[in-house]
């Protein structure tokens with residue numbers, strides 16, 4: 001794994017002072033302006049609760065604060081410093097994103113990864129850096145949270161959202177204790193697996209659990225030393241886990257690839273362009289559908305470095321055209337059936353991606369059926385159907401859920417989906433590094449607009465009753 005050189009930069013203490021000055025120049029934090037609410041029980045109501053304090057949740061929290069929405073709470077089920085995938089199930093050596101991408105900086109140069117890196121290691125070290133080492137990205141996010149003073153309640157899990165009049169009742173589990181919270185809006189920044197979980201082939205799920213795992217699991221790769229491993233899938237995560245098994249001393253690793261050959265072009269990359277970032281949400285449904293469908297059907301290749309990490313091992317085998325037909329436990333281990341024959345292994349790693357399935361999301365259990373999906377709003381022409389993409393939520397322009405049946409669940413406008421599940425509606429501006437700042441600002445701007453319109457009579461009253469005089473009456477002589 002790449003280790004950054006320990007070349008002295010300006011130091012984080014001085015850089016933190018630079019960040020503070022930049023924020024002061026921007027007038028941050030601005031005055032709070034949202035009219036407070038109180039539940040009939042007398043309990044204070046949060047304006048927004050952000051669920052998830054990974055990269056997306058932190059960016060959303062900062063964007064809300066920047067918009068003057070300060071009565072907020074940010075929750076994460078992980079312990080501090082373990083939010084997101086970076087130190088858990090992410091197993092790549094470096095980020096795949098080019099180091100120049102600005103990430104969650106929200107337009108503030110001193111908050112970019114580059115500024116942070118140069119402060120720690122110097123400009124020369126930045127010039128020689130290829131891509132960001134994965135653990136260092138987590139260090140950067142931890143610094144981002146600390147330098148901005150973003151409060152996070154760790155070890156806190158949202159159990160269920162219950163609509164209750166004009167607010168949302170949140171059933172929360174905090175350090176083993178059940179609590180009730182109230183909020184006007186909820187932002188679900190729960191990551192790639194937050195709205196459906198992981199896709200596991202039925203054949204694999206039927207096996208005894210001690211002989212398979214998903215890439216999301218805490219795999220003890222040391223135990224796989226000397227064993228025959230099969231990895232189901234051919235994407236980035238598949239190659240990362242295959243490499244981990246090889247480096248741990250697996251006897252062999254076979255990667256089962258459904259396609260006849262490895263895709264070579266990453267057709268999702270154009271989504272990082274500013275046109276897609278700002279304009280995709282405004283495009284007609286037909287073009288949004290096709291823009292996601294075409295790369296999905298083409299398949300996404302693993303990063304070159306990740307595949308080379310595997311192929312340098314002679315005991316790594318790519319098996320093309322080996323879609324999984326079945327699996328059973330036999331005398332020689334787990335026997336996997338494919339169109340090209342059977343393969344006996346000792347352990348299987350399912351790298352088959354994430355699902356978007358609102359019906360499998362416990363937090364939404366009471367009303368998942370009321371949320372509009374793309375399949376409810378758009379009927380693709382023959383040849384462009386895609387069952388899984390049709391399950392993505394059909395979101396409004398501020399990432400809010402919309403109703404499947406008009407007027408039946410108006411509270412859905414107060415629940416915002418700020419995760420990968422938003423990609424079909426808004427592009428990749430809520431879960432990927434390149435467009436994250438723009439996505440967070442769109443989210444915060446939309447929420448601010450909702451709050452303002454909801455209380456427009458109150459805000460008009462502020463104009464009507466505003467009486468602070470600019471002139472004192474002695475600036476001119478009476479005629």
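The values are calculated or read from the model by the stated rules, or taken from the named source; none is laboratory data. None of these values were measured; they are calculated from a predicted model. Note that each Cβ is placed from the backbone with ideal geometry, even for glycine, and that neighbours are counted across all protein chains shown.
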Options 338, 361, 352, 261: the member that is surrounded by fewer than 14 Cβ atoms within 10 Å (Cβ to Cβ) and at negative phi: 261
Filter result for the condition that a residue is within 30 Å of residue 73 (Cβ to Cβ), surrounded by fewer than 20 Cβ atoms within 10 Å (Cβ to Cβ) and in contact (Cβ under 8 Å) with a residue 24 or more places away in the chain, over 222, 191, 197, 249: 197
Selected residue [surrounded by fewer than 17 Cβ atoms within 10 Å (Cβ to Cβ) and either modelled with pLDDT of 95 or more or on the phi > 0 side of the Ramachandran plot (or both)] from 181, 175, 228: 175
Scanning the range 281-301 for residues that are over 22 Å from the mean Cα position of the chain (by Cα), in a helix (DSSP H, G or I) and farther than 24 Å from residue 236 by Cβ gives 285, 286, 287
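Matching residues to (1) touching a strand residue (DSSP E or B) at 6+ places or on another chain (Cβ under 6 Å); (2) free of Cβ contacts under 8 Å to residues at least 12 places away in the same chain:
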{"residue": "253", "(1), (2)": "yes, no"}
{"residue": "276", "(1), (2)": "no, no"}
{"residue": "301", "(1), (2)": "no, no"}
{"residue": "311", "(1), (2)": "no, yes"}
{"residue": "316", "(1), (2)": "yes, no"}
{"residue": "335", "(1), (2)": "yes, yes"}
The listed residue being in the same structural domain as residue 54 (by TED's automatic domain parsing), closer than 30 Å to residue 427 by Cβ and either outside any loop (DSSP other than H, G, I, E, B) or touching a strand residue (DSSP E or B) at 6+ places or on another chain (Cβ under 8 Å) (or both), out of 169, 181, 145: 145
Please enumerate the residues belonging to the range 433-448 that are within 18 Å of residue 274 (Cα to Cα) and part of a helix (DSSP H, G or I). 436, 437, 438, 439, 440, 441, 442, 443
Residue 346 passes all but one of (1) outside the structural domain of residue 259 (by TED's automatic domain parsing); (2) in contact (Cβ under 8 Å) with a residue 40 or more places away in the chain; (3) over 25 Å from residue 76 (Cα atoms); which number fails? (1)
Among the residues listed as 34, 45, 50, the single one being within 25 Å of the chain's Cα centre (by Cα) and surrounded by 13 or more Cβ atoms within 10 Å (Cβ to Cβ): 50
Please verify whether the range 368-386 includes one or more residues that are modelled with pLDDT of 95 or more and part of a strand (DSSP E or B). yes
